[in-house]
Amino acid sequence: MIKTELVNPNVTNLIESLRDIGYSFEVAVADLIDNSITAKAKSIKIYTVSNPEPIFCMLDNGIGMSEVELVEAMRLASKNPNDLRAKGELGRFGLGLKTASFSQCKRLTVLSKKGGIVSARQWDLDYITQHNNWLLISPNNFLDLPLADELNNLESGTIVCWENIDRIQKNKFSDIVDRLRRHISLVFHRFLEGEVGIRQIKITVNNNPVIAFDPFNSKHPATQEIAPEKIMVYGSAITVQPYILPHHSKISQQEYELYATEEGYIKSQGFYVYRENRILIYGTWWGLHKSLDAHKLVRIKIDIPNTIDQYWGIDIKKSLARPSEDLKIDLKRIINQVTEKGARPFTGRAKKIEDKTFIQFWQLLPLNNDFRFALNLEHPLFKNLEKGLSKDSIENLRFYLKGIEAYLPLEAIQSKLQKNPHSINQESALSEQNIIELTEKLKLAGLPKQYIEDLLRTEIYSNRKELLKNEDK
């Protein structure tokens with residue numbers, strides 16, 4: 001006979017461990033929204049105050065829970081993660097409501113209305129620690145909670161309320177709520193938009209509607225939407241669809257900054273994984289590709305069902321997911337195809353410097369396996385300038401130009417192009433009036449025909465040929 005003894009976990013230590021799983025405020029709230037979506041809610045109202053003490057409450061108009069269902073929902077690990085989920089169900093572990101809430105507060109109260117009856121239960125972590133046992137409280141004063149009156153007016157629904165919020169600094173609360181709004185607008189954008197086949201949900205934060213943010217800018221005519229591909233993974237189909245966002249020259253500065261997101265284009269490129277239409281993880285290559293400036297407009301959407309969670313390593317917070325080794329082969333192939341296309345808006349513009357149909361101010365000079373940008377000293381304007389200079393002046397001028405080449409501020413240029421390309425107006429260095437004055441001086445100099453032809457091939461006169469051609473007539 002096997003000898004055993006009962007060793008219960010230390011409740012206080014277990015609570016602290018549960019609280020430190022790693023939820024941010026916005027990820028914790030997203031876990032609650034998952035429950036509301038699963039409960040078929042069409043409206044979710046979030047209410048927050050920071051004074052005198054921070055409080056967070058969320059009301060949905062979903063199907064609600066009976067008293068028995070509520071008690072079960074408050075149980076830790078109320079579901080087996082290996083059980084099959086119904087289509088559209090966003091939960092997995094049966095921990096989200098509790099662990100998400102405990103990560104932010106010490107008192108979790110849930111009110112739910114079903115069949116005209118309002119039931120209430122509460123976890124108070126200080127009370128649990130004091131009694132060293134998981135004692136679920138049936139609160140008496142739950143009707144005093146924010147949004148309780150609105151729940152009474154609904155046919156069914158649920159309120160989740162956080163009190164004793166101790167993981168947030170009060171002076172940072174408004175910033176955190178702003179970040180929450182942005183997170184919801186991205187993670188649940190398909191539900192907010194009400195895409196075909198998806199129930200539209202209205203979400204408000206302190207009475208302000210959350211506006212959907214589609215990270216692919218898919219409605220813009222300059223966005224390249226590449227044909228989707230279905231891949232079978234362990235008997236279930238996933239859909240992979242790449243997008244290439246518009247180059248900054250095709251959109252306004254405001255729109256360009258919006259789609260850069262707070263992370264910037266470099267960090268926002270890569271895969272965006274949706275599980276049952278809700279974003280799990282975004283802006284990652286999973287080590288299958290390096291984040292490059294040339295590929296910053298590439299974003300690849302992956303849609304997965306909730307039937308293959310175990311093959312994606314989805315964590316409790318539903319903020320991590322990793323593809324299986326079998327799938328990585330297909331994803332690498334897709335990456336190679338789309339990044340080649342995604343680099344074209346940049347490589348096409350870069351090739352302009354190598355265009356031999358124009359005489360340009362700058363050129364590329366090969367240096368063994370490297371290269372550098374160099375001023376074109378064969379430019380007709382420079383050659384004409386040299387004619388009027390002494391030998392010493394020519395040497396000094398050439399030395400000065402080599403200094404410009406050597407100390408070209410490439411890092412600053414790259415940084416500005418990444419952060420705010422619309423603010424760069426380099427052509428303003430040579431105004432239209434400057435060009436007209438230059439043209440008049442050249443005309444008075446009695447230009448040879450060949451010199452005029454060379455000038456017409458320069459960048460200055462590429463769109464102003466009539467300025468010199470009129471004189472030629």
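The values are calculated or read from the model by the stated rules, or taken from the named source; none is laboratory data. This one's a predicted model, so the numbers in the text were calculated from it and none came from an experiment. Cβ sites come from the backbone with ideal geometry, for glycine too, and all protein chains shown count toward neighbours. Protein only, heavy atoms only, side chains kept; ligands, DNA and RNA dropped before computing areas. Shrake-Rupley method; radii C 1.70, N 1.55, O 1.52, S 1.80 Å.
Things worth noting here:
- Split the chain at each of the GluC sites (Glu not before Pro) in a DSSP loop with at most 11 other beta carbon atoms within 10 Å, and the longest piece is 6-154.
- Note on TRP285: accessible area approximately 10 square angstrom, rounded to 10, probe 1.4 Å, nucleic acids and ligands left out.
- Taking all protein chains together and a 1.4 Å probe, the residues MET74, MET232 rank MET232, MET74 from largest to smallest accessible area.
- Carbon/sulfur fraction of accessible area - the chain, other protein chains in place, 1.4 Å, %: 51
- Probe 1.4 Å, protein heavy atoms only - accessible area per residue of segment 1-44 in square angstrom: 59
- Remark: relative contact order (the chain) = 12 percent; criterion is Cα-Cα distance under 8 angstrom and separation of 6 or more residues.
- The residues neighbouring GLY264, those whose beta-carbon lies less than 12 Å from its own, together hold a net charge of -1 under the Lys/Arg +1, Asp/Glu -1 convention.
- Derived value for the chain: Kirkwood hydrodynamic radius 27.2 Å. Basis is the mean of 1/r over every pair of different alpha-carbon atoms.
- Accessible-area ranking of LYS383, LYS328, largest first, probe 1.4 Å: LYS383, LYS328
- Rolling a 1.4 Å probe over the protein heavy atoms leaves TYR400 with an accessible area of roughly 150 Å².
- Solvent-accessible surface ranking, highest first, for LEU76, LEU125 at 1.4 angstrom: LEU76, LEU125
- THR357 - accessible surface, heavy atoms, 1.4 Å probe, Å² rounded to 10: 90
- Formal net charge of residues neighbouring SER324 (Cβ-Cβ distance under 12 Å; K, R +1; D, E -1): -2
- Positive-end residue, the chain charge dipole about Cα centroid, Cβ charges, pick of LEU297, GLY283, PHE102: LEU297
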